[in-house]
Amino acid sequence: MPHTASRYLAEGPRVGIRHFTYEDGAEFTARARESRDLHRPWLFPPEGASAYTAYAGRLIEDPSKAGFLVCEKDDGALAGFININNIVQGGFQSGALGYGAFAHAAGRGLMREGLDLVVRYAFGPMRLHRLEINVQPANAASIALARGCGFRLEGFSPKMLFVDGAWRDHQRWAITAEMVGGPGRR
């Protein structure tokens, strides 16, 4: 049987990661609507077609962003999403992560596997050196994911991000290429 290229940028035992496409809109928005109770009040992914098109467009077209879908390998279903925002090259080589699991995948370890893949991809082909996650202190699941993937707590930022109608406090978690065995990049 001839070898065919994987549809994923990186693969683990149960998930693969790939970039967003406009064609993912129907599944993404349906999963976001199904996951509203899981996501609120922490995040608000797009739940409608036009909102998804605008959201995906920023991730696809803006070089300071990279969006990844975490897909179950057995059937390709979307398990969640991980975005690297505010990508800065040069001496900084850094980005800020945002992510969310979809309800059907929550608690199954799929996002941990996906986040590990995104971190390795960011420190490999993307040539970044540092990734940061900003988490509201009461978001225990997100903190557990950051900690479980090797991010270290670096600080606390009062009223850092405007979320759900108010400025919210956030913990800052970070990881560098050296922390995952990757070479320092310069």
**OP:** Looking only at segment 20-29, decide whether some residue is at pLDDT below 95 and either under 19 Å from Leu110 (Cα atoms) or out of contact with any Cys (no Cβ under 9 Å at 6 or more places or on another chain) (or both).
**Re:** no
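Pick out, from segment 26-143, the helices (runs of 4 or more DSSP H) lying fully within it that include 1 or more residues that are more than 19 Å from Glu11 (Cα to Cα) and open to solvent by 20 Å² or more (accessible area, probe 1.4 Å).
Filter on segment 26-143 gives 36-39, 49-61.
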**OP:** May I ask you to list pairs of residues, at least six apart or on different chains, whose Cβ atoms are under 9 Å apart, with the first in segment 44-71 being more than 17 Å from Arg33 (Cα to Cα) and at pLDDT below 95 and the second being among the hydrophobic types (A, V, I, L, M, F, W, C) and open to solvent by less than 10 Å² (accessible area, probe 1.4 Å)?
**Re:** none
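Of the residues Trp167, Trp173, only one is in a strand (DSSP E or B), open to solvent by 20 Å² or more (accessible area, probe 1.4 Å) and not aliphatic (A, V, I, L, M); which?
Working: Trp173 fails: open to solvent by 20 Å² or more (accessible area, probe 1.4 Å).
It is Trp167.
Go through the residues of segment 177-186 one by one and say whether even a single one is assigned to a strand (DSSP E or B) and open to solvent by 60 Å² or more (accessible area, probe 1.4 Å). So that I can check it myself, show each step before the final result.
Kept after step one, since they are assigned to a strand (DSSP E or B), are these residues of segment 177-186: none.
Checked against the condition, which is being assigned to a strand (DSSP E or B) and open to solvent by 60 Å² or more (accessible area, probe 1.4 Å), segment 177-186 yields no hits at all.
The values are calculated or read from the model by the stated rules, or taken from the named source; none is laboratory data. Remember, it's a predicted structure, so these values are computed and weren't measured experimentally. Using ideal geometry, Cβ is built from the backbone for each residue, glycine included, and neighbour counts are taken over all protein chains shown. Side chains are part of the model used for accessible areas, which takes the heavy atoms of the whole protein and leaves out ligands, DNA and RNA. Shrake-Rupley method; radii C 1.70, N 1.55, O 1.52, S 1.80 Å.
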